[in-house]
There are 2 protein chains.
Amino acid sequence: MNEMTPDASCEALAELKTALRKNRRDAHHRYFQMATVTAEGHPRNRTVVFRGFGADDASLLVITDCRSEKIVELRQNAATEVAWYFTRTREQFRISAVTTCVDYRCQSEEGSALREQVWQQLSEAARAQFFWPGPGLPLDTGTTAAVTDEAPDTFALLKLSPVAIDHLVLSKVQTRRRSQLTDGRWHEHWINP
Amino acid sequence: MNEMTPDASCEALAELKTALRKNRRDAHHRYFQMATVTAEGHPRNRTVVFRGFGADDASLLVITDCRSEKIVELRQNAATEVAWYFTRTREQFRISAVTTCVDYRCQSEEGSALREQVWQQLSEAARAQFFWPGPGLPLDTGTTAAVTDEAPDTFALLKLSPVAIDHLVLSKVQTRRRSQLTDGRWHEHWINP
């Protein structure tokens, strides 16, 4: 059972997609927690909404406000770890990833197109927040701008590219598998829960 | 509305207790995500189970295996941030805390008694894990020991003492309040969501 899969494919990512399908009746199944590190070396953690996979079918897409603290944190340390717990199937994916920020200054055509595409899929309520006063500022400071149809400069797309995945299943017999991306290939093996 | 509450009491902690009550029908309402930082400065994140409040009625209790990676991480950096999202009431508490580890070497009578008390409240299934082979090791390495009635040396209690709380409520009108412990007093003010 101590299998090694030195292959470009990743079993854990396939299982993540299965979990997304099996848990889709829960409104919160697309929420996960994303940890970052501040310049002072302190951990930060918050709940974000999963916005789909990137063109590579592996990276996780998240949106954020360019004025948020996580942008400052990720600029100096792009490492993140996602903790994604699915309540219905009782399984957890811990995903270590490297984050790329795609904002209005993005030079890549592919990145800009993806950012615009995700923006177009947002609800009116989700869009409105990017026109609010800066998050984290004292209440009622800053101004609310008029909502526009095109993505505002405050809107950024984060691409989280997985480098390691720890998949824990809390069924009657617990299982845990560790997947690691090394030299472009995924190596997977079972570990003690 | 830009209130300051330079008082020993903390509104956010009272609201956390209300949230625990209002969400108690969800089996997962006592699960939260706990972020730490490795010696190399990488973020780590995992789901843990809330085991109640400490004697101060403010610190969060969590149990862990002394052989787990988070013990190594917390030994060199005791800072943690909890992300606790309540799915029923749609609110999030981000709790920055300092962690104290209470293990079998604990010299304090109060700490030892609390560790033993939490152990006694655990289910058989929860206890059994502390007698399994070391978590994270390749599967089937290590040995399984016989379950004992008293807490084994692998069992540790973590006390997370909050120093800052960010409470976000995703109701129709979003609200967000920041609470900070300074010189033993909580200062709270509303901020932009």
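Quick note: the coordinates plus some simple rules give every number you see, no bench work behind them. Note that the structure is a prediction, hence the values are computed from the model and not measured. We place every Cβ from the backbone using ideal geometry, glycine too, and count neighbours over all the protein chains shown.
Charge tally for A:ARG94 (other residues, Cβ to Cβ under 12 Å; Lys, Arg +1; Asp, Glu -1): +2. The share of alpha-carbon pairs in the protein assembly as shown lying farther apart than 26 Å comes to 55%.
Going through the range A:38-106, which chymotrypsin sites (Phe, Trp or Tyr not before Pro) have at most 14 other Cβ atoms within 10 Å and a DSSP loop state? In loop regions of the range A:38-106 (DSSP not H, G, I, E or B), the sparsely surrounded chymotrypsin sites (Phe, Trp or Tyr not before Pro) are A:TYR104. Starting from the label point of A:GLU150 at 7 Å along Cα→Cβ, the same points in the other copies fall at 7.3 nm, in ascending order. Using just the C-alpha positions of the range B:10-89 as equal point scatterers, what log10 of I(q)/I(0) does the Debye formula give at each q in 0.13, 0.23, 0.27 1/Å? For the range B:10-89 at q = 0.13, 0.23, 0.27 Å⁻¹, log10 I(q)/I(0) is -0.46, -1.16, -1.36. List, in the order given, every pair from A:LYS17/B:LYS22; A:LYS172/B:LYS17; A:LYS172/B:LYS172; A:LYS22/A:LYS70; A:LYS17/A:LYS70; A:LYS22/B:LYS70 whose Cα-Cα distance in the structure shown is over 28 Å. With Cα atoms farther than 28 Å apart: A:LYS17/B:LYS22; A:LYS172/B:LYS17; A:LYS172/B:LYS172; A:LYS22/A:LYS70; A:LYS22/B:LYS70. Principal axis extents of the Cα atoms in chain A, from largest to smallest and rounded to whole angstrom, are 58, 35, 34. Give me the Debye-computed log₁₀ of I(q)/I(0) at q = 0.18, 0.29 Å⁻¹ for the range A:123-193, equal point scatterers on Cα only, no solvent, two decimals. Result of the Debye calculation: -0.74, -1.28. Can you tell me, using C-alpha contacts under 8 Å and at least 6 residues apart, the relative contact order of chain B as a whole percent? 27 percent. Between this copy and the others, label points of B:GLU110 are 5.8 nm apart in ascending order, each placed 7 angstrom from Cα in the Cβ direction. Between copies, the label points of A:HIS189, set 7 Å from Cα on the Cα→Cβ line, lie 5.3 nm apart, reported in increasing order to one decimal in nanometres. Note on B:ASP153, B:ASP26, A:ASP166: ascending count of other Cβ atoms within 10 Å places them as B:ASP153, B:ASP26, A:ASP166, the fewest first. One Cα centroid belongs to the range A:41-116, the other to the range B:39-118; the line between them spans 25 Å.
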